[in-house]
Amino acid sequence: MRFVLWITGLFALAVLLGLASTLNNGYAILFFPPYRMEVSFNLMIVGVLVLIAVAYGILRLIGVAANMPTEVRAFQRQKKLKAARHALREAGIAFFEGRFQKAEREAARAIDDEYAPENRALALLIAARSAGMMQNFDKRDAYLARLDTVPERLQLARHMVDAELRLEAKDLLGALAAIERARAVAPNLTNALRLELKVRMLQKQPDAVLALTEKLLKADALEPEQARRYRMAAYCQQLEGLPSGEAIRNWWRRIPEVERQNPDLVRPTVERLEDLGDFDQAAQLIGAALVSDDTTLPELALGLARLAEHVSGEKRLALLREAEAWLQARPRDHLLLFALGRLAAEEHLWGKAQSYLEASLSLEPTLMAHAALARLYEAIGKPEEAEHHYQRSLALALERGA
């Protein structure tokens, strides 16, 4: 339809021009000394129009020719940019596939031909991360240094990647410096706080670990169970540096009550007190933990049995007075009954010791309970009963050894 309209229009224009030419009978005289030329006025109009069209065409050709180098450079630049964008996409895919050598190579291709600062920064970050994963630290640092030229708003990503890479390389001071630079840009960035938490843990700075744990917990950036594990690790680090039983007692009082019931904290504290020779305090901590019905504490009952011969007589009697409360919470704990039997035997409370040990054997026959009863019967002058329990412990040892 459009073609038909164009043809009709052109024929109409030709008819109008033909009519106009019949109405104009004038002529023009062109004088070029010594020549003189008379031409139709209509022909002169057509000639002028043709001349204008030719001049315009020549000027356009000159302009195109003059602009040709710029056009060629723009075309080549566009071609390189297209290749750079393709390389950047390939680098990202290769990085997440774990093909770090290819990711670094493709990202390096994209860096020089990319003019958008965001894309250039992304290529540098991928290249640096990939080089770090390949343990090529010189290349990693070179890529990170080139990120100094990107705009300030893109520096946060650079600092975070720098911190992660240095943490993976165990460069704790470098990682901490990068984290501080990141926090200067975004003070409450939770990922930076999490990285700092890991660094402080490796640096054995338990006070900082506890403070960061609480901050992340309040920001809902840590699960409660994760926070508890970090607290336990921090408390254990604090415990390693305490020089005496008195220092441990003061430290223990500062710990929240709910954490003092955690067997993962009670166990190393008891061991530390044993190493320092503060057996009474170690036994006191075990006693406080045994009030709970937590069945994951068999080693604490064994620890109490191990401490029986080391604690003072006054402490042994105090522990035996607390026994009823422990047994109410743990009525079928044969290891606890064994520990109580050991405490009573050390105080020469033979009848009580015998009842505890026999109750332990009724729940679970063990070598140590038979051996303890054998020693008890030897102490009270009953060699036949002692021999019986020695034989029973020997039979159990052979049975389990087989």
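Of all the residues in segment 200-219, those that are farther than 11 Å from Ala233 by Cα and of a type in the set (A, V, I, L, M) number 6. One residue alone among Arg183, Arg253, Arg249, Arg200 is farther than 21 Å from Ala127 by Cα, under 18 Å from the mean Cα position of the chain (by Cα) and open to solvent by 50 Å² or more (accessible area, probe 1.4 Å), and that residue is Arg183.
Where helices (runs of 4 or more DSSP H) sit wholly within segment 308-402, those with at least 1 residues that are at pLDDT below 85 and under 30 Å from Leu276 (Cα atoms) occupy 323-329. Cβ-Cβ distances below 6 Å connect the following pairs, each with a first residue in segment 256-272 that is touching a residue at least 12 places away in the same chain (Cβ under 8 Å), a second residue that is in a helix (DSSP H, G or I) and surrounded by fewer than 18 Cβ atoms within 10 Å (Cβ to Cβ), and a separation of six or more residues or different chains: Asp264/Met232; Leu265/Met232; Pro268/Cys236.
What about Ile93, is it closer than 24 Å to Asp138 by Cα, open to solvent by less than 50 Å² (accessible area, probe 1.4 Å) and not acidic (Asp, Glu)? No: the conditions fail for Ile93.
With respect to being modelled with pLDDT of 75 or more, over 30 Å from Asn136 (Cβ atoms) and assigned to a helix (DSSP H, G or I), Gln101 falls outside the description.
The values are calculated or read from the model by the stated rules, or taken from the named source; none is laboratory data. Remember, predicted model here, so these are calculated numbers, not experimental data. We place every Cβ from the backbone using ideal geometry, glycine too, and count neighbours over all the protein chains shown. These accessible areas exclude ligands, DNA and RNA; they are computed on the full protein's heavy atoms, side chains included. Shrake-Rupley method; radii C 1.70, N 1.55, O 1.52, S 1.80 Å.
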